[in-house]
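Read-outs: derived from the displayed coordinates by stated rules, not from any lab. It should be emphasised that the depicted structure is a prediction, and the values quoted were computed from it without experimental measurement. Glycine gets a Cβ as well: all are built from the backbone with ideal geometry, and neighbour counts include every protein chain shown.
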Amino acid sequence: VSPDFASLVFTTAVAPGEGSELVFTFTPGDELNTGFTNLGVVTFLLPGFTGGTDTGLTSAVTTTPTDKFDQASFIRQGETSYLQLTTKSGVTNAYDAQVVVTVPLSMGIKLPADGVEANQASVQMSIGPYSAATWSSAFSVVLMSAV
């Protein structure tokens, strides 16, 4: 089963370059656990998003259903930005269960200076950490909307 990245919603009406809470809705398509090869990580490629430093930002997150993921890490490598969501230790996320993860505004992630377009194909999802990510169209079924 391929991952299904249903949506990324900005829950605050913000201008390009400003910080926003981010809400990701997805179905992993693979079981996730910190003890598995995928390290319990889902990674999103967020081109143009900024915040923090190259050493990264981390924050607690909230999920529906509760207690599925417990941390978000925002990482920049040059011009490329990644957001990694890590499964809560001891929890296995089912491959076919939809999850909603809210990354708080307080994390400091800012929208691209050029803005974000609906269905922006360059925003992608992969299972596993960014250093081992394989990006393909299978991971980029993206519906984006600004609220």
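Expected output is a single nm value to one decimal: the length gained when fully extending between SER7 and GLU31, i.e. 0.36 nm times separation in residues minus the C-alpha distance. What is it?
On the way: separation 24, 0.36 × 24 = 8.64 nm, distance 1.98 nm.
Roughly 6.7 nm would be gained on extension.
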Revision key, fill the gap. Which residues qualify? For GLU117, with a placed amide H closer than 5 Å and at least 5 residues away or on another chain, they are none
Review point. Quick one: if you stick a label point 7 Å off each Cα along the C-beta vector at GLN98 and THR80, how many nm between them?
Key: 3.0
Review point. Could you give the length gained on full extension between ASN119 and LEU39, defined as 0.36 nm per residue of separation minus the Cα-Cα distance, in nm?
Key: 26.0 nm
Review point. What length, rounded to one decimal in nm, is gained on full extension from GLN71 through to GLU18, with 0.36 nm per residue of separation minus their alpha-carbon distance?
Key: 16.9 nm
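By count of other Cβ within 10 Å, fewest leading, how are VAL103, VAL14 ordered?
VAL14, VAL103
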Practice item. Convert each backbone phi in the stretch 112-120 into a coupling constant with the Karplus relation 6.51 cos²θ - 1.76 cosθ + 1.60 (shift: θ = phi - 60°), then list the ³J(HN,Hα) values in order as whole Hz, x for Gly and Pro. Key: x, 4, 8, x, 10, 9, 4, 6, 5
Review point. With each pseudo-label sitting 7 Å past Cα toward Cβ, what's the SER89-SER131 distance in nm, one decimal?
Key: 1.9
